[in-house]
1. Report every pair of residues separated by at least 6 positions or lying on different chains whose Cβ atoms are under 8 Å apart, first residue within the stretch B:1-23 and within 12 Å of another protein chain (Cβ to nearest Cβ), second among the basic types (Lys, Arg) and part of a loop (DSSP other than H, G, I, E, B).
2. Given B:184, B:216, which one is within 14 Å of chain A (Cβ to nearest Cβ) and among the basic types (Lys, Arg)?
3. Which condition breaks for residue B:201 when tested against (1) in contact (Cβ under 8 Å) with a residue 24 or more places away in the chain; (2) more than 10 Å from every other protein chain (Cβ to nearest Cβ); (3) among the polar types (S, T, N, Q)?
4. Tally the residues that are closer than 23 Å to residue B:236 by Cα and assigned to a loop (DSSP other than H, G, I, E, B), restricting the search to the stretch B:18-58.
5. Output the residues belonging to the stretch B:1-49 that are aromatic (Phe, Trp, Tyr) and out of contact with any strand residue (DSSP E or B) (no Cβ under 9 Å at 6 or more places or on another chain).
6. Scanning for something over 28 Å from residue B:229 (Cα atoms), out of contact with any helix residue (DSSP H, G or I) (no Cβ under 7 Å at 6 or more places or on another chain), modelled with pLDDT of 95 or more and surrounded by fewer than 16 Cβ atoms within 10 Å (Cβ to Cβ), does the stretch A:66-82 turn up at least one residue?
7. Please indicate, with yes or no, whether at least one residue in the stretch B:102-121 is without any contact (Cβ under 8 Å) to a residue 12 or more places away in the chain and either surrounded by 19 or more Cβ atoms within 10 Å (Cβ to Cβ) or farther than 22 Å from residue B:12 by Cβ (or both).
8. Those residues that are touching a Ser or Thr at 6+ places or on another chain (Cβ under 7 Å), β-branched (Val, Ile, Thr) and within 14 Å of another protein chain (Cβ to nearest Cβ), I need them from the stretch A:1-42; list them, please.
Amino acid sequence: MSVGQYRSLCQRYSGKAVEIRCHDGKVHRGIIQRIDRDRVYLQPMGRSRNFGGFGYGGYGNGYGGGYGRSFGRGFGFGFGVAFGAIAGIALLSLFWI
Amino acid sequence: MNYTYLECLALFGVGGAHPGGLQLTKKILAEEKINGDTTLLEVGCGTGQTAAYLAQQYGCSINVLDNNSIMVEKAQQRFSSLALSIDAKVGDTENLPYPDKHFDIALSESVISFTNVIATIPEIKRVLKRNGRLLAIETVLEQTISEKEQTQIIDFYRFPQLFTENEWLTAFRDAGFQRVDVTKYQPGLEQVDEQHAADFSLSETIDDALLEILGKHEEIMQRNKDKLGFRIFRCS
């Protein structure tokens, strides 16, 4: 997908929880807060590597393993991921009671 | 600050924060006769995702209530942005601010579980019309667990009780419901899609402590996968 396509996908997924896989192997999970010309900004949801799966649903349109590390400490607020760095986006299936 | 699980849901503004999400809600309601004359009460409306859907889909009259003022505020924002007239109040399920025999349908999406069940169910029954029905998606204890495990679950979610299916059935019958149909809900069978994924109405600042709560929730759900189950109760 092109940068423009990722941009419009992020716009559509605004307010939703997603997992973004980058070309460098990093994986970011969070809620899409906003986007600007070049980046999508995420609110982190947790530090756990597995967060989002809850052992139930898994991913909406999943892609195979090889996840990198999740958010590290220091990302207090929403942070940006450049559209150009994105290799794939999936909606997270979260489980609430 | 120590947040509770429900406060965490409110600050993240999770829409459809119940087993099955909006997808299950739609499925359950599709089986009910609902039209423009139906009066409906949703207890524990959260950010109002379900109520907004109901108003748009059926054009019925809807009252919603939640004991969390942040949730009610976020629900009101949603309703006004969609130009829906839905009455949203801060209130307590154990003392509902509505007259007797007022509603055709009452809906609880994983809400009664978080209240004193023995006080809430008769109160919902009170505001239902004679032929009214209660639709509830709730957590049940599937198997005997150690006191330690039970305490951990109850303390984290602040459940006043953790009922088995039979205990729920007794509570509904004791409140005067004649007929209770039970359906088991098995999580994780449906694929999440854009239309049904939970939506988030985030508060401006999200404290790091909230991330810990989400992590703990995940851990407890994982660990008790076979011990906690979910039921759809239809009580009339």
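The values are calculated or read from the model by the stated rules, or taken from the named source; none is laboratory data. In this text, all values refer to a predicted model and were calculated from it rather than measured experimentally. Reconstructed Cβ throughout: ideal geometry from the backbone, glycine too, with neighbour counts over all protein chains shown.
1. B:5/B:158; B:6/B:158
2. None of the other options fit; the residue is B:216.
3. All conditions pass for residue B:201, except number (2).
4. Residues meeting the conditions: 13.
5. Scanning the stretch B:1-49 gives B:3, B:5.
6. yes
7. No, the conditions are met nowhere in the stretch B:102-121.
8. Result: A:32, single match.
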